[in-house]
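Read the structure below first, then the notes.
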Amino acid sequence: MTDIKMKSYRPFITEKFFWDFPTHFNLKEVSEFLDEDIDPTTQYISNTAKTIMRNDGIYWLIQRKHTSQIVALISLSDLDLTKHQAALMITFKNLSADEKLEISNRLLVFLKDQISLQTIEINQLDHIVQENFTNNGYNISHNNLLKRS
């Protein structure tokens, strides 16, 4: 299981979206999405690249195919492939419920089928994503954990 390399999980392409690592996006657009100045954005992008190369997690920015606008950030950190666990954070901007579901479905395939996560620590996960996960084999526990049943 530990032969999985996070750096190989890009790009993902779904019906409406293109997913890639933050290093593959325009710095100005990323800084606008993050609502940060250029320097902290540069640092953030650098840190995401290091995390991915160390296999400690993965970060994707998601953009709409037809406008190239960045509409989501997914961060999977504290990744432990031996224990099958990680922490998940998702930031959406201006997405419909259907669009969130499209992203959630692809993410679920990645977490459940491609890297076999059993425990996912969440914090304020969008209700559409959370519901999708609980409808597809994960149970939510009292301490903000999604556990695969």
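Considering segment 81-98 alone, what residues qualify as being in a strand (DSSP E or B), closer than 25 Å to residue 31 by Cα and not aliphatic (A, V, I, L, M)? The answer is 91, 92. The set of residues from segment 19-54 being within 17 Å of residue 115 (Cβ to Cβ) and exposed (fewer than 15 other Cβ atoms within 10 Å of the Cβ) comprises 53, 54. Taken together, the residues in segment 51-63 that are among the polar types (S, T, N, Q) and in a helix (DSSP H, G or I) amount to 1.
Yes or no: residue 39 among the acidic types (Asp, Glu) and at pLDDT below 95? Criteria not met by residue 39. May I ask you to list the residues in segment 81-121 that are of a type in the set (Phe, Trp, Tyr) and touching a residue at least 60 places away in the same chain (Cβ under 8 Å)? Passing the criteria: only 110. How many residues, within segment 101-149, are hydroxyl-bearing (Ser, Thr, Tyr), farther than 19 Å from residue 60 by Cβ and surrounded by 13 or more Cβ atoms within 10 Å (Cβ to Cβ)? Here the count works out to 3.
Looking at segment 122-139, I want the residues that are small (Gly, Ala, Ser) and have a partner that is assigned to a helix (DSSP H, G or I) with Cβ atoms under 9 Å, at least 6 apart or on another chain. Which pairs are those? Pairs found: 137/108; 137/112. Look at residue 113 and say whether it is charged (D, E, K, R) and under 12 Å from residue 90 (Cβ atoms). Spelling it out, it is not the case that residue 113 is charged (D, E, K, R) and under 12 Å from residue 90 (Cβ atoms).
The residue that is nearest to residue 109 (Cα to Cα), counting only those in segment 1-50 that are part of a helix (DSSP H, G or I), in contact with a strand residue (DSSP E or B) (Cβ under 7 Å, 6 or more places away or on another chain) and not aromatic (Phe, Trp, Tyr), is 6.
The values are calculated or read from the model by the stated rules, or taken from the named source; none is laboratory data. Quick caveat, the model's predicted, so the values are computed rather than measured. Counting neighbours? That spans all protein chains shown, and the Cβs are built from the backbone with ideal geometry, glycine included.
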